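A quick write-up on the structure given underneath.
The values are calculated or read from the model by the stated rules, or taken from the named source; none is laboratory data. Computed from a prediction, not measured in an experiment: that's the story for all the values here. Cβ placement follows ideal geometry from the backbone for every residue including glycine, while neighbour counts extend to all protein chains displayed. These accessible areas exclude ligands, DNA and RNA; they are computed on the full protein's heavy atoms, side chains included. Shrake-Rupley method; radii C 1.70, N 1.55, O 1.52, S 1.80 Å.
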Amino acid sequence: MNERMSAVSLTQRPDESAAPSGCGPLLPGPELDTKPLRQKVFEHVRATGQAARADVSRALGISAGSVTQVTSDLIERGYLQESDEAARDRRETGRGRPSVALSVVPEAHRVVGIKLSDERHTAVLADFAGTILAEAMLPTPAVRKTMDQIAGETAQLVDLVLEKAGLTISDIAAVGVGISGLVDPIEGLVPWSPLLEGENLALAERLTRRLGCPALVDNDANMLTLAELWFGAGRANSDFAVVTIEHGVGMGLVVGNRLYRGTRGMGMELGHIKVQLDGALCRCGQRGCLEAYLADYALAREAGTALGRNPRNMASAQSMLDTLFAEAKGGNMAARSIFRRAGRYLAVGLSNVIQLFDPTLIILSGERMRYDYLYADEVMADALSLTLNHGRPACRVEIHNWGDMVWARGAAALALGHVTDTALGQAA
Ligand SMILES: [Zn+2]
């Protein structure tokens, strides 16, 4: 058992305190080769938080002369700055010291990241260095909405977060928005979302018009994965997967430091892989999806029976789950069996992810991770018993419970990436 357990090792990481300073991927990905030198230099400085010219030269394998030229251009354009002391030194002597630290000018650009959800929307406002300046939350009725309603709620939330930071929309370079469902981030289309009425909706265009600021949309699990890549444990891992269980079951995949999106915005839908032919009905309309056994609405459906309550009379799936969890902790065997069963389905999902992608790390992330039955040792043992192993090194599984704002932070990273590409990329 112990030997077999070694292929999935579980680490609790409740916060980001162990993460290094700066933001953005720490390891260069293959796509970096196509970026202009100025963007590579800027992103290296942002990723490390602070870097001397010599460090940049070493890390990127370019000459000291090139670094000097590129950094003075970036300083002139208002994207990088020297420490105050160094700048004074340069003014007085006309020469900078060689080990002067460079950092990003935080106010060069600001972005808003938003996660649209079924019960409450969340937002963060971040500067160009990735520092979060303000957060906001907007409760919303848990019903499907028209695109106009969602655009209206998004605008309301953007106003809230701007007000908290004492800024206006003209201070914002882009707004990143994460939403569950199928999303085509290139075209800004939402072919299908459980939050929205209708199909093939041009959400990015509608939001851009309503907000008066460029808006980008992407799948919410991708936003969570970007949050790990930019701010969390994923920063130092070039190949990893993020699995999340919230209202649905989502997944994101990073290959070579880059978010893998598939070709039609339909990939990584772990919640809709089939685990049972003709099985339980999923909210996507098909049967036997993993989500139909694992997501909160699936657990709430069973909880109603186990606890002798009508799910329709409960305030929300969330409160139903909290009650179920308390019952399970208190020894209610029916409640425990519901979590145990969900855990076995999670094990199937995880083993498929390991078998298909062979990542170095799987991060279980999201707010529901507090239901620790879902990642008990027996769930990991189940996942392992369903995976071919043959003595290969471990796929680590880490639990991250970052709280609700992590999604919005990932959406802010989406916007930061876009603004950086626009300002410093090939097209700039
Ligand atoms: Zn489904």
Quick one: would you say GLY188 is within 18 Å of ILE362 (Cβ to Cβ), away from the ligand (no atom under 16 Å from the Cβ), touching a strand residue (DSSP E or B) at 6+ places or on another chain (Cβ under 6 Å) and free of Cβ contacts under 8 Å to residues at least 60 places away in the same chain?
no
Name the single residue, out of those in segment 290-309 being within 14 Å of the ligand (Cβ to nearest atom) and farther than 17 Å from TYR371 by Cα, that is nearest to the chain's Cα centre (by Cα).
LEU290
Taking ALA7 as meeting all but one of (1) within 30 Å of the chain's Cα centre (by Cα); (2) at pLDDT 90 or above, write down the number of the exception.
(2)
For the subset of segment 261-278 comprising residues that are at pLDDT 90 or above and within 10 Å of the ligand (Cβ to nearest atom), which member is surrounded by the fewest Cβ atoms within 10 Å (Cβ to Cβ)?
LYS274
If I ask for residues that are more than 16 Å from the ligand (Cβ to nearest atom) and closer than 19 Å to SER117 by Cα, which ones from segment 238-255 would you list?
VAL242, GLY252
Exclusive hit being touching a helix residue (DSSP H, G or I) at 6+ places or on another chain (Cβ under 9 Å) and under 27 Å from TRP402 (Cα atoms), set ASP171, ASP218
ASP218
Of the residues in segment 141-178, how many are among the hydrophobic types (A, V, I, L, M, F, W, C), outside any helix (DSSP H, G or I) and open to solvent by 10 Å² or more (accessible area, probe 1.4 Å)?
5
For the subset of segment 203-251 comprising residues that are closer than 19 Å to VAL177 by Cβ and polar (S, T, N, Q), which member is surrounded by the most Cβ atoms within 10 Å (Cβ to Cβ)?
THR225
Could you say which residue among ARG258, ARG287 is over 16 Å from ASN352 (Cβ atoms), surrounded by fewer than 23 Cβ atoms within 10 Å (Cβ to Cβ), of a type in the set (Lys, Arg) and within 16 Å of the ligand (Cβ to nearest atom)?
ARG287
